Amino acid sequence: MPRILAVANQKGGVGKTTTSVNLAAGLAGAGKRVLLIDLDPQGNATMGSGIDKRGLERSVYQVLLGLTTVQSVRQQSESGGYDLVPANRELAGAEIEMVDLDNRETRLKSALGTIAAEYDFILLDCPPALNLLTLTVWSRPMR
């Protein structure tokens, strides 16, 4: 099973995304299999990974709502050498849309369970808030 690291802080502008993107690239450069998940609606980890968030057809938003699989959303960061589950501003509405969904706190965990064995590290770039998107990261570890 991979090591799962969440980069989280309720304050914005403290280096969460910079840390996440550089850690992903550094681990990939050291030969590790890395997946970075952008959970911030600003999509800066997506852009920092060399993927244009404005052109996304699918993102982590659709994964959390159960509309698609994480396999169909992940992309390769050519510049960083790691895989990415991208985000864009659509993600801002996910919290409201997830309120009435079953197992909303464990949807990310369930989605990652299908691909976890493919990675040595899974990094989660969290939004600058303590909200449902951040809470999905704190569900019990995968087994």
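Sort out which residues of segment 70-102 are assigned to a strand (DSSP E or B) and of a type in the set (D, E, K, R), and write them in order of number. Answer for segment 70-102, where residues must be assigned to a strand (DSSP E or B) and of a type in the set (D, E, K, R): just Asp83. Has segment 96-108 got any residue that is at pLDDT 95 or above, among the basic types (Lys, Arg) and farther than 25 Å from Val14 by Cβ? No, segment 96-108 contains no residue that is at pLDDT 95 or above, among the basic types (Lys, Arg) and farther than 25 Å from Val14 by Cβ.
Of all residues in segment 25-45, those satisfying the criterion of being closer than 12 Å to Leu91 by Cα and in a loop (DSSP other than H, G, I, E, B) are Leu39, Asp40, Pro41, Gln42, Gly43. Provide a single number: the residues in segment 52-78 that are buried (at least 22 other Cβ atoms within 10 Å of the Cβ) and over 13 Å from the mean Cα position of the chain (by Cα). Residues flagged as buried (at least 22 other Cβ atoms within 10 Å of the Cβ) and over 13 Å from the mean Cα position of the chain (by Cα) within segment 52-78 amount to 1.
Can we say Gln42 is crowded, with 18+ Cβ neighbours inside 10 Å and not hydroxyl-bearing (Ser, Thr, Tyr)?
Yes.
Hey, any hits in segment 60-75 for a residue that's closer than 22 Å to Pro128 by Cβ, in contact with a Phe, Trp or Tyr (Cβ under 6 Å, 6 or more places away or on another chain) and either modelled with pLDDT of 95 or more or not aliphatic (A, V, I, L, M) (or both)? No; the residues of segment 60-75 include none that is closer than 22 Å to Pro128 by Cβ, in contact with a Phe, Trp or Tyr (Cβ under 6 Å, 6 or more places away or on another chain) and either modelled with pLDDT of 95 or more or not aliphatic (A, V, I, L, M) (or both).
Which one is nearest to Leu84 (Cα to Cα) among residues in segment 20-32 that are surrounded by 16 or more Cβ atoms within 10 Å (Cβ to Cβ) and not aliphatic (A, V, I, L, M)?
Step one: of segment 20-32, the residues surrounded by 16 or more Cβ atoms within 10 Å (Cβ to Cβ) are 20-21, 23-25, 27-28, 32.
This time we only want the ones that are not aliphatic (A, V, I, L, M), so: 20, 32.
Working: Ser20: 11, Lys32: 14 Å.
The selected residue is Ser20.
Flag set for Ala30, criterion: over 14 Å from Leu124 (Cα atoms), over 11 Å from the mean Cα position of the chain (by Cα) and not β-branched (Val, Ile, Thr). When the residues of segment 103-121 are filtered to those that are of a type in the set (Ser, Thr, Tyr) and not in a helix (DSSP H, G or I), the one that is farthest from Ser59 (Cα to Cα) is Tyr119. Summed over segment 81-99, residues that are surrounded by fewer than 22 Cβ atoms within 10 Å (Cβ to Cβ) and either touching a His at 6+ places or on another chain (Cβ under 9 Å) or within 17 Å of Pro2 (Cβ to Cβ) (or both) total 1.
Among the conditions (1) under 13 Å from Phe121 (Cα atoms); (2) without any contact (Cβ under 8 Å) to a residue 40 or more places away in the chain; (3) not β-branched (Val, Ile, Thr), Tyr82 misses just one, which is (2).
The values are calculated or read from the model by the stated rules, or taken from the named source; none is laboratory data. None of the values given here were measured: they were computed from a predicted structure. A quick note on method: Cβ atoms are made from the backbone with ideal geometry, for glycine too, and the neighbour counts reach across all protein chains shown.
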